[in-house]
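A quick write-up on the structure given underneath.
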2 protein chains.
Amino acid sequence: MALRSDWSADSCPIARSVDVVGDPWVLLVLREAFEGATRFEEFRALGIADNVLSRRLAGMVEAGLLERATYDGGNRPRHRYLLTGAGADLLPVLHALALWGERHRPRSTGRMELVHEACGRPTQSADTCSHCHVPVTAADVSWRLPKHPEALLPLAR
Amino acid sequence: MALRSDWSADSCPIARSVDVVGDPWVLLVLREAFEGATRFEEFRALGIADNVLSRRLAGMVEAGLLERATYDGGNRPRHRYLLTGAGADLLPVLHALALWGERHRPRSTGRMELVHEACGRPTQSADTCSHCHVPVTAADVSWRLPKHPEALLPLAR
DNA sequence: GGGTAGACTTTCTTCAAGCAAGCCAGATCC
DNA sequence: GGATCTGGCTTGCTTGAAGAAAGTCTACCC
């Protein structure tokens, strides 16, 4: 598609963010990372093509959203991709998308809820507990997902 | 790029939203719309190619983010693209991107601020006034943009 | 009736998404 | 010790969308 436009030096912070996360796979890889995925194999569950996943992971490491850590899994070296601070700070973007999706693209099969651990209630805000009025981060929120309505999933960070 | 993946019927609301706004131009067209752009000619200022803009506007109308209104500008029929409720509800997504961009891709030239009209203070949340703790929508917020640091821009809705 | 403005449409080239297959190193099976 | 498996990629191919530029169409402007 010829070289896609570059907004990395745009004067608008929205455009600069779009330059980083204005891609479906980046957002979905982030979602998987928050849900605990760390290995190449785990991210494949998204249904992304291998070459695209490889490129995206490398790009996200370069963009500072993920960090590639080498650890040994049974004395063979393995890598995992861990959320950086910058990556974890994108949680409100995912939450805003989740809230919009629930409202404007609803499905009958179970809702997603963003539960504030401290008070146990779902919040309707992307970054604040709508009950306690305190800011929430990955450390304070768990997700209740449509596919596992009984489980409450603490987020990676 | 072969046909891009389709998440419109995914069980995850994040994926369903990504299906709609997981594209740089859609997000930037939305930003322009919040800043008051309504006509084809005005959106061109984004630097988007005409054919791409044409397709995006049509897609966003079909997705229910924009509404194409015909009005008469000097007894010749003209169109404008207006934000729908669903489009306006994407404001928190743009705000979350703006806050992330300011924090993790800062520029020395002026900050963007999301000002809650009622109290006059900038909020650090995507959808709540961090001072008053009330939810904020396009009706309650104005943007202070890096390129016009003196102006306070009320948002379209 | 020539020019301009707005809103597109068409044509062309380039590049990335998607798909499939291949590769390589270490572990595990037999 | 050869064969298979697993994880994490890389390579090759096809198709379609992004980008750039030019063309179209309608209506007013002078």
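Taken together, the values in this text are just the output of simple stated rules run on the coordinates, not laboratory data. Being a predicted model, the structure only gives us computed values, none of them experimental. As a convention, Cβ positions derive from the backbone with ideal geometry for all residues, glycine included, and neighbour counts pool all protein chains shown.
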Next on the checklist: List, shortest first and in nm to one decimal, how far the label point of B:Ser54 (7 Å from Cα along Cα→Cβ) is from its counterparts in the other copies.
Outcome noted: 3.8
Checklist entry - Put a point 7 Å out from Cα along the line to Cβ at B:Glu67; what are the distances to that point in the other copies, in nm, shortest first? => result 4.9
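Starting from the Cα gyration tensor of the protein assembly as shown, take the square roots of the eigenvalues, sort them a ≥ b ≥ c, and report rounded, prolate or oblate (rounded when a/c is under 1.5, otherwise prolate if a/b is larger than b/c, else oblate). Mind showing how you got there, number by number?
On the way: a/c = 1.60, a/b = 1.36, b/c = 1.17.
Since a/c reaches 1.5 and a/b is larger than b/c, the shape of the protein assembly as shown is classed as prolate.
When Cβ neighbours within 10 Å are restricted to other protein chains, what is their mean count per residue of peptide A:85-96?
That works out to 5 on average.
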Checklist entry - Roughly speaking, what is the centre-to-centre gap between the range B:76-128 and the range A:45-117 when only Cα atoms are used, to the nearest Å? => result 24
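Sort A:131-140, B:23-32 for me by packing, meaning the mean count of neighbouring Cβ atoms within 10 Å per residue, highest on top.
Values: A:131-140: 15.6, B:23-32: 21.0.
Peptide ranking by packing, descending: B:23-32, A:131-140.
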Next on the checklist: Give me Rg/Rg_expected for the range B:90-154, where Rg uses Cα atoms only and Rg_expected = 2.2 N^0.38 Å with N residues.
Outcome noted: 1.03
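Would you mind giving the mean number of other chain beta-carbons within 10 Å of the Cβ of each residue in B:104-110, as a whole number? All intermediate terms of the calculation are to be shown ahead of the outcome.
Details: counts 13, 13, 2, 6, 0, 1, 2.
Mean shielding count: 5.
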Checklist entry - Out of the DSSP beta bridges found with both residues in the protein assembly as shown, what percent are antiparallel (nearest 5)? => result 100
Checklist outcome for this item: Mean projected area, convex hull of alpha-carbon positions in chain B, reported to one decimal in nm², is 11.6
Item to check | For A:Arg39, label point 7 Å along C-beta direction: distances to other copies, nm | outcome: 5.9
Next on the checklist: Taking amide H atoms as placed 1.01 Å from N in the peptide plane, list the residues 5 or more away in sequence, or in a different chain, whose amide H sits under 5 Å from that of B:Val134.
Outcome noted: B:Cys129
Next on the checklist: Normalised by the empirical 2.2 N^0.38 Å for globular proteins, what value does the Cα Rg of the range B:13-87 take?
Outcome noted: 1.10
Item to check | Simple label model, 7 Å out from Cα along Cβ direction - A:Leu153 to B:Arg68, nm | outcome: 3.9
Checklist entry - Per-residue mean of other chain beta-carbon atoms within 10 angstrom of the beta-carbon, peptide A:126-137? => result 4
Next on the checklist: How high is the relative contact order of chain B? Use alpha-carbon pairs under 8 Å, at least six apart in sequence, and give a whole percent.
Outcome noted: 17
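Treating only the Cβ of Lys, Arg, Asp and Glu as charged (+1, +1, -1, -1), what charge dipole size does the range A:58-157 show about its Cα centre? Round to the nearest 20 debye. Don't skip to the answer; put the middle values down first.
Values: 12 positive and 10 negative charges, 82 e Å.
The calculated dipole for the range A:58-157 is roughly 400 debye.
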